[in-house]
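Colleague: Below is a structure I'd like to ask you about.
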Amino acid sequence: MRTRKLYIPIAEATTGMVLAESVKDSYRLTYLPSGLTLSEENLHQLMANHAEFICILAPDERSDAAVADDTAAATQRVRDIFKGADLTQPMTAALFQQVLAYRSA
């Protein structure tokens, strides 16, 4: 089964969800690793640490055509945002690539 990353607010998190990205504390230290299946205790940890959002793996029931369409639309949106930017500048190009990767996931 195909999955996709989704960022959700902690209020929507439930036991059994799988983390797609590790959760880090304010010191950038990992306290919940990616791939972890959330338990009730993990949810309490997240709330106690004032986490706001997490990234989970969710089933992706879109067709291949729908995935391609969504990716093309996201790519176009990012290109529109950066249309006036000088992508020959390394920092701007790096930002563009990061935003494109994030939006296309």
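Taken together, the values in this text are just the output of simple stated rules run on the coordinates, not laboratory data. Here the structure is a predicted model, which is why all the values come from computation and not from measurement. Heads up, the Cβs are rebuilt from the backbone with ideal geometry, glycines too, and the neighbour counts pull from every protein chain shown.
Colleague: Give the order of 22, 63 when sorted by the count of other beta carbons within 10 angstrom, beginning with the fewest.
Modeller: Values: 22 15, 63 9.
Taking fewest neighbouring Cβ atoms as first place, the list is 63, 22.
Colleague: Restricting to the chain, what percent of DSSP beta bridges are antiparallel, rounded to 5?
Modeller: Values: 12 of 12 bridges.
Given both bridge residues lie in the chain, the antiparallel proportion sits at roughly 100 percent.
Colleague: Using Cα atoms only, what is the angle between the long axis of helix 90-104 and the major principal axis of the chain, expressed in degrees (0 to 90) to the nearest 10?
Modeller: Around 60 degrees separate the two axes.
Colleague: Another question about this same structure. Considering only DSSP states other than H, G, I, E and B, which trypsin sites (Lys or Arg not before Pro) in the range 74-105 qualify as loop sites with at most 13 other Cβ atoms within 10 Å?
Modeller: Of the trypsin sites (Lys or Arg not before Pro), the ones in loops of the range 74-105 whose Cβ has at most 13 other Cβ atoms within 10 Å are 83.
Colleague: Using only alpha carbon pairs under 8 Å that are at least six residues apart, calculate the relative contact order of the chain and give it in whole percent.
Modeller: Working: 126 pairs, mean separation 31.4, N = 105.
The normalised contact order for the chain reaches 30 percent.
Colleague: Quick check for me: using +1 on Lys/Arg Cβ and -1 on Asp/Glu Cβ, what's the dipole size of the chain about its Cα centre, in debye to the nearest 20?
Modeller: Working: 10 positive and 13 negative charges, 73 e Å.
My answer is approximately 360 debye.
Colleague: Would you work out which of 51, 74, 6 lies farthest towards the positive end of the dipole of the chain, given +1 charges on the beta-carbon of Lys and Arg and -1 on that of Asp and Glu, about the Cα centre?
Modeller: Working it through, the farthest residue towards the positive pole turns out to be 74.
Colleague: Among the chymotrypsin sites (Phe, Trp or Tyr not before Pro) within the range 21-105, which fall in a DSSP loop and have no more than 13 other Cβ atoms within 10 Å of their own Cβ?
Modeller: Details: sites: 27, 31, 53, 82, 96, 102; in loops: 27, 82.
When the chymotrypsin sites (Phe, Trp or Tyr not before Pro) of the range 21-105 are filtered for loop state and at most 13 Cβ neighbours within 10 Å, 27 remain.
Colleague: Using Cβ counts within 10 Å as a stand-in for footprinting exposure, how do 1, 47 rank, fewest first? Numbers along the way, then the final one.
Modeller: Numbers: 1 5, 47 12.
Fewest to most other Cβ atoms nearby, the residues stand as 1, 47.
Colleague: Please compute the volume of the convex hull spanned by the alpha-carbon atoms of the chain and report it per residue in Å³. Kindly include the intermediate steps, with their values, before the conclusion.
Modeller: Numbers: hull volume 13.5 nm³, N = 105.
Per residue, the Cα convex hull of the chain comes to 129 Å³.
Colleague: Among 32, 90, 16, pick out the residue whose Cα is farthest towards the positive end of the charge dipole of the chain, where Lys and Arg carry +1 and Asp and Glu carry -1 on C-beta, about the Cα centre.
Modeller: Of the candidates, 90 comes out farthest on the positive side.
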